[in-house]
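Trainee: Here you go, one structure.
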Amino acid sequence: SQELEQSPQSLIVQEGKNLTINCTSSKTLYGLYWYKQKYGEGLIFLMMLQKGGEEKSHEKITAKLDEKKQQSSLHITASQPSHAGIYLCGALLRRAQKLVFGQGTRLTINP
Amino acid sequence: GAVVSQHPSWVICKSGTSVKIECRSLDFQATTMFWYRQFPKQSLMLMATSNEGSKATYEQGVEKDKFLINHASLTLSTLTVTSAHPEDSSFYICSAKRGPSTDTQYFGPGTRLTVL
């Protein structure tokens, strides 16, 4: 969907390096979800952000929602091979509406 | 908690046959379940929203007679691809919400359908 843009589309980083993935909406976000998917598998829920300026962390992954609630970033610190996969952002553009997904960012971690 | 399963994980069928895919919420009751389709290297496309005990709401362009959805209980939704054709080959993923007060969706592992 053009309503939600992810960047970059693919990313190759060396193990141990930090990285950031961005998700930008053309509309105000009611809720922003980050999921991780391994090829041929389902989506694993990572985090949900709802309030402008909100920031959540889980292990080495931190997600932020900007004040204007139109962009979110996912930051991985000291990347590991287990972080490899496809990261998808999903957005609620209205309360109780369907999730709109970005096109995904394919992350490869080189040893 | 919040585990969603799908069965089968993969299926191969002949053109013209029907295939049923099950989606179960294992440790919670799901008032709403969603069915998505994903093409290789593409994002998820919502096909329909399924509410327990009522008819599914299909997205524009999705044929309801071809993709039959039944949400008979709070833990089970099924997607039946009727008279499958090779163009129906895809990765089908379901998700479930715990209840009306949350928007977080928990996803199943997906089902890969190949129609010969």
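Trainee: State which residue is farthest from the other protein chains (Cβ to nearest Cβ) when the search covers only region B:18-65 and only residues that are among the polar types (S, T, N, Q) and free of Cβ contacts under 8 Å to residues at least 24 places away in the same chain.
Mentor: The selected residue is B:Ser54.
Trainee: For the structure I just gave you, tell me whether B:Ser5 is touching a residue at least 24 places away in the same chain (Cβ under 8 Å), within 12 Å of chain A (Cβ to nearest Cβ), hydroxyl-bearing (Ser, Thr, Tyr) and over 27 Å from A:Gln6 (Cβ atoms).
Mentor: yes
Trainee: Sort through B:Ile21, B:Ile12 and tell me the only one that's β-branched (Val, Ile, Thr), part of a strand (DSSP E or B) and open to solvent by 50 Å² or more (accessible area, probe 1.4 Å).
Mentor: Result: B:Ile12 is the single residue among B:Ile21, B:Ile12 that is β-branched (Val, Ile, Thr), part of a strand (DSSP E or B) and open to solvent by 50 Å² or more (accessible area, probe 1.4 Å).
Trainee: With polar (S, T, N, Q) and in contact (Cβ under 8 Å) with a residue 40 or more places away in the chain as the only criterion, which of A:Ser57, A:Ser73 stands out?
Mentor: A:Ser73
Trainee: Moving on to the next point. Between A:Gln103, A:Gln37, which is touching a Ser or Thr at 6+ places or on another chain (Cβ under 9 Å) and closer than 26 Å to B:Arg37 by Cα?
Mentor: The unique qualifying residue is A:Gln103.
Trainee: Somewhere in region A:75-90, is a residue at pLDDT below 90 and under 23 Å from B:Leu44 (Cβ atoms)?
Mentor: Within region A:75-90 (the criterion being at pLDDT below 90 and under 23 Å from B:Leu44 (Cβ atoms)), the answer is no, since none of the residues qualifies.
Trainee: Here's something else I'd like to know. Does region B:71-88 contain any residue that is over 20 Å from B:Gln29 (Cβ atoms), within 14 Å of chain A (Cβ to nearest Cβ), without any contact (Cβ under 8 Å) to a residue 40 or more places away in the chain and not β-branched (Val, Ile, Thr)?
Mentor: no
Trainee: What residue, among those in region B:104-116 that are open to solvent by 50 Å² or more (accessible area, probe 1.4 Å) and under 12 Å from the mean Cα position of the chain (by Cα), is nearest to the other protein chains (Cβ to nearest Cβ)?
Mentor: B:Pro109
Trainee: On to the next question. Exactly one of these conditions fails for B:Ser101: (1) among the small types (Gly, Ala, Ser); (2) touching a residue at least 12 places away in the same chain (Cβ under 8 Å); (3) open to solvent by 70 Å² or more (accessible area, probe 1.4 Å). Give me its number.
Mentor: (2)
Trainee: If I filter region B:24-39 for residues that are part of a strand (DSSP E or B) and surrounded by fewer than 17 Cβ atoms within 10 Å (Cβ to Cβ), do I get at least one hit?
Mentor: no
Trainee: Sticking with this structure for a sec: Could you tell me whether region B:52-65 includes any residue that is in contact with a Ser or Thr (Cβ under 9 Å, 6 or more places away or on another chain), β-branched (Val, Ile, Thr) and crowded, with 19+ Cβ neighbours inside 10 Å?
Mentor: Taking every residue of region B:52-65 in turn, none turns out to be in contact with a Ser or Thr (Cβ under 9 Å, 6 or more places away or on another chain), β-branched (Val, Ile, Thr) and crowded, with 19+ Cβ neighbours inside 10 Å.
The values are calculated or read from the model by the stated rules, or taken from the named source; none is laboratory data. Given the structure is predicted, the values throughout are model-derived calculations rather than measurements. With ideal geometry, Cβ positions are generated from the backbone for all residues, glycine too; neighbour counts draw on all protein chains shown. With ligands, DNA and RNA removed, areas are computed over all heavy atoms of the protein, side chains included. Shrake-Rupley method; radii C 1.70, N 1.55, O 1.52, S 1.80 Å.
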